[in-house]
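Q: Please find one structure pasted underneath; my questions will follow.
Each reported figure results from applying straightforward, stated rules to the coordinates on display, with no laboratory input. A quick note: this is a predicted structure, and the numbers were derived from the prediction, not measured. Positions of Cβ are generated from backbone atoms using ideal geometry, with glycine treated the same way; all protein chains shown enter the neighbour counts.
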Amino acid sequence: MSNQAGIRWGDSVLFALVVLRRYRFRTGMMLLAMTLAVGSVIAFTALGEGARGFVRNEFASMGTNLLVAMPGRKETTGGGGPPPATGTAARDITLADVKALRERLRGADIISPLMAGKIEVSANSRARDVMILGTDAGYFTVRNLQVLNGEILPAIDLELAQPVCVIGSKVRDELFGNQQAVGEWLRMGDRRFRIIGVLAGKADASGFDLSDGVLVPVASTQMLFNRQGLFRVIVQPRPHYNLDKLRDEMLAAFRELHQGEEDVTVVKPDSMLQTFDQIFGALTLAVGAIAAISLLVAGVLVMNLTWISVSQRTKEIGLLKALGASHTQVRRLFLLESVLLCAAGAVCGVLVGELLVLLGRLLWPTVPFAAPAWAVVFSVLVALFSGLLFAWLPASRAARQQPVDALAGRTT
Amino acid sequence: MISLRGITRQFTLGDEIVRALDGVDLDIAAGEYISVMGPSGSGKSTLLNMIGLLDTPDAGSYTLAGTETVGLPEEARARLRAVRIGFVFQAYHLIPRLTARENIELPMVLAGMAPQERRRRCDDILQRLNLVERAGHLPQQLSGGQRQRVAIGRAVVMKPEILLADEPTGNLDSRSGREVMALLEELNASGITLLMVTHDTVLGARARRQIVFGDGRIVSDTLAAPA
């Protein structure tokens with residue numbers, strides 16, 4: 001009888017498993033190394049992804065699908081990046097500019113001016129320094145701001161300095177406690193404003209906590225601070241209107257309004273988000289790569305332990321050859337041992353890594369830790385591959401042994 | 001069945017070239033019982049390894065069952081070893097982590113034989129070796145004689161034509177040695193070709209055909225009258 005098939009896969013696996021059980025220390029060491037390596041890749045990339053998700057969420061609260069214009073020129077207006085820190089512009093953006101933009105930009109749905117400043121407000125003989133935001137009704141739509149009671153700022157001409165305001169919930173609590181605030185008067189500087197609404201919740205916008213702020217019509221803010229220049233202009237495009245196109249049109253309009261001067265910066269918070277997203281993506285990759293070094297170290301350990309195993313089992317190799325095992329079969333047996341170990345280590349590593357991720361989410365619920373799928377797949381594949389690669393040399397040496405020498409316990 | 005022509009094998013020991021086999025011509029017919037004797041270093045073990053395809057000659061030709069083996073690729077030689085040749089070693093060479101049954105099963109596992117067939121042959125052999133109760137024991141739990149019987153079982157489980165035994169009783173006490181010899185001779189009687197290397201002249205004298213080796217050459221090759 002002659003069976004050409006060679007050793008069956010099931011039998012190879014069984015044979016390898018018996019070896020692995022027999023050499024417990026070696027098995028344990030390799031398992032541990034692979035577990036730590038794969039686990040650390042997963043844990044570290046989850047950390048990077050968590051940071052990325054955290055920043056992304058923060059940006060999302062700034063609003064997406066918007067354009068923000070600010071006075072001052074930035075050289076690299078193309079990519080996004082952070083806006084200029086202070087508005088040291090040659091020329092202000094004025095309410096007249098906003099009105100002109102409203103007429104010209106057909107792609108814009110809402111164009112809202114924004115002025116900001118700090119001032120002391122008082123009511124009920126209580127005073128408090130708060131952030132004043134001068135804007136218009138459209139801003140409430142753009143930022144999706146809701147009022148608890150009362151109403152939002154009236155849709156009036158931008159130049160009209162009506163003495164009304166919408167206050168944040170914290171300001172209400174501080175100045176009025178449980179009393180009704182809507183309808184009351186609020187003193188700001190030497191002017192009085194009627195409270196027409198109270199903002200709901202923690203209304204977060206562009207990093208300002210509006211619950212501790214007061215919204216007033218933009219023209220009133222100009223009077224309060226005796227300033228003309230706007231801090232920002234927020235533009236929300238019509239649905240499906242291309243944001244880049246709108247941005248170009250906006251810049252062109254400003255250039256025309258400002259006698260050919262390019263002294264306005266228009267940014268897309270989306271593209272800034274993208275930039276940060278890229279930075280944190282690269283960071284994830286970097287920490288992942290550092291963790292992947294441990295995969296390499298584990299691979300070298302695999303190689304060493306397989307060398308030892310081959311030397312220890314020289315006679316066995318000779319015997320297998322005498323019993324009719326070929327080169328290929330002997331190599332396959334040794335490779336299989338290593339691959340099985342690495343596979344088991346990879347599985348343990350994934351479990352340990354995901355457990356750490358779970359722990360991280362429990363400890364820091366606001367950070368969305370999650371190992372990216374590519375990191376899991378990559379680390380497992382690399383573990384398996386390094387099992388093959390690093391065991392290849394020693395396994396090939398085993399396969400090359402001359403049976404006569406091997407049986408005598410001599411390595412060749 | 002076996003035909004060696006001008007087989008030469010030399011080793012280099014330091015500056016010295018040692019001819020372990022020096023142009024050996026030998027024919028072996030199926031079913032023969034041959035002992036190979038001679039002093040240490042006379043080349044008898046090298047001859048055994050040569051016939052067992054564990055070693056390759058530097059010169060000469062070796063035909064096994066009509067196939068010229070010199071120049072065959074390693075895979076083909078491994079296949080020939082698997083199905084045509086059984087080995088019995090002085091040091092048993094059992095795999096310590098495998099039970100008696102698993103050791104006997106090993107050549108069949110390597111050949112990829114189906115599990116049912118493996119079990120059937122194992123049961124058969126264990127019965128013939130009188131080792132049924134010991135089947136689940138590891139080698140270290142067996143006596144020397146039992147170990148060698150397991151090794152013989154492993155050697156014949158693939159039903160080879162030739163059984164090559166290198167000092168099969170060398171590590172055994174005389175009683176176990178006699179048992180092992182009886183087993184080998186019984187196998188020979190049932191048709192297997194038996195070639196045994198030994199320096200024990202009493203043991204060697206039991207064979208029908210006795211070859212004496214010296215300095216890599218056949219010194220004498222005699223047929224004894226049946227005892």
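Q: Write out the trypsin sites (Lys or Arg not before Pro) in region A:224-273 meeting two conditions: DSSP loop, and at most 15 other Cβ atoms within 10 Å of their Cβ. It would help to have the intermediate numbers written out before the result.
A: Working: sites: A:R227, A:R232, A:K245, A:R247, A:R255; in loops: A:R227.
Answer by residue number: A:R227.
Q: What is the fewest-to-most order of B:I85, A:I167 by other Cβ atoms lying within 10 Å of their Cβ? Let's see the in-between values first.
A: Numbers: B:I85 23, A:I167 33.
Going from least to most buried by this count: B:I85, A:I167.
Q: Got a sec to turn the phi values of region A:391-398 into Karplus ³J(HN,Hα) couplings, 6.51 cos²θ - 1.76 cosθ + 1.60 with θ = phi - 60°, whole Hz, x for Gly and Pro?
A: The phi angles translate into 8, 4, 4, x, 5, 5, 5, 4 Hz.
Q: Among A:C348, B:C122, which comes first, second and so on when ranked by fewest other beta-carbon atoms within 10 Å? Please list the in-between numbers first.
A: Working: A:C348 17, B:C122 21.
The order, fewest Cβ neighbours first, is A:C348, B:C122.
Q: How would A:K321, B:K159 line up from fewest to most surrounding beta-carbon atoms within 10 angstrom?
A: On the way: A:K321 28, B:K159 12.
Lowest to highest Cβ neighbour count: B:K159, A:K321.
Q: I'd like the distance between the alpha-carbon centres of region A:251-329 and region B:55-82, rounded to an integer number of Å.
A: If you average the Cα positions of each part, the centres end up 49 Å apart.
Q: Before rounding to the nearest 500, sum -39500 (n - 2.57) across all DSSP H runs of length at least 4 in the protein assembly as shown and divide by the residue total; then give [θ] at 222 nm in deg cm²/dmol.
A: Values: 19 runs with 299 residues, N = 639.
Computed ellipticity for the protein assembly as shown at 222 nm equals -15500 deg cm²/dmol.
Q: Measure off 7 Å from each Cα along the Cα-to-Cβ vector at A:A137 and A:R91, then give the distance between these two points in nanometres to one decimal.
A: Distance between label points: 3.1 nm.
Q: To one decimal place, what Kirkwood hydrodynamic radius in Å is obtained for region B:135-192 from all pairs of distinct Cα atoms? Walk me through the numbers on the way to the answer.
A: On the way: mean 1/r = 0.0839 Å⁻¹.
Value: 11.9 Å, from the Cα pair sum.
Q: Summing Lys, Arg as +1 and Asp, Glu as -1, what charge do residues with Cβ under 12 Å from the Cβ of A:G134 carry, A:G134 excluded? Don't skip to the end; give the middle numbers.
A: Working: positive: A:R227, A:R232; negative: A:D136.
Summing Lys/Arg as +1 and Asp/Glu as -1 gives +1.
Q: Please express the Cα-Cα pair-distance distribution P(r) of chain A as a list of whole percents, one per 20 Å bin, running from 0 to the bin with the greatest distance.
A: Taking all Cα pairs of chain A, the binned fractions are 22, 32, 21, 17, 9, 0 percent.
Q: What percent do you get for the relative contact order of chain A when only Cα pairs under 8 Å and 6+ apart count? Walk me through the intermediate numbers first.
A: Details: 757 pairs, mean separation 122.7, N = 412.
Worked out over chain A, it gives 30 percent.
Q: Between B:A30 and B:D123, what FRET efficiency comes out of the Förster formula 1/(1 + (r/R0)^6) with R0 = 30 Å and r the beta carbon distance, rounded to 0.05? Could the numbers behind the result be given before it?
A: Details: r = 27 Å, r/R0 = 0.91.
For B:D123 and B:A30, the calculated efficiency is 0.65.
Q: If you add up the charges near A:F280, with Lys and Arg at +1 and Asp and Glu at -1, over every other residue whose beta carbon is less than 11 angstrom from its beta carbon, what do you get?
A: For residues surrounding A:F280, the net value is 0.
Q: Defining a contact as two alpha carbons under 8 Å apart and six or more residues distant in sequence, what relative contact order in percent does region A:265-403 show?
A: Working: 95 pairs, mean separation 59.9, N = 139.
Dividing the mean separation by the residue count of region A:265-403 yields 43 percent.
Q: For chain B, what is the per residue volume of the convex hull drawn over the alpha-carbon atoms, in cubic angstrom? Intermediate values should be presented prior to the final figure.
A: Working: hull volume 30.2 nm³, N = 227.
Each residue corresponds to 133 Å³ of Cα convex hull volume.
Q: Right, another one. When 1/r is averaged over all different Cα pairs and the result inverted, which Kirkwood radius in Å belongs to region A:183-290? Can you show the working numbers first?
A: Numbers: mean 1/r = 0.0548 Å⁻¹.
It works out to 18.2 Å.
Q: When the Karplus curve 6.51 cos²θ - 1.76 cosθ + 1.60 is applied with θ = phi - 60°, which whole-Hz ³J(HN,Hα) does each residue of region A:327-336 get, with x for Gly and Pro?
A: 2, 4, 5, 4, 4, 4, 4, 6, 5, 5
Q: Can you compute 3J(HN,Hα) from phi for each residue in region B:192-202, using the Karplus curve 6.51 cos²θ - 1.76 cosθ + 1.60 with θ = phi - 60°, rounded to whole Hz and x for Gly and Pro?
A: Karplus values, whole Hz, x for Gly and Pro: 7, 6, 10, 10, 10, 9, 7, 9, 7, 5, 5.
Q: Can you give me the Kirkwood hydrodynamic radius for region B:186-227, using every pair of distinct Cα atoms, in Å to one decimal?
A: Values: mean 1/r = 0.0877 Å⁻¹.
11.4 Å is the Kirkwood radius here.
Q: Calculate the radius of gyration of the Cα atoms of region A:67-267 to one decimal place, then report Dmax, the largest Cα-Cα distance, as a whole number, both in Å.
A: For region A:67-267, the Cα radius of gyration and maximum Cα-Cα distance read 17.2, 54 Å.
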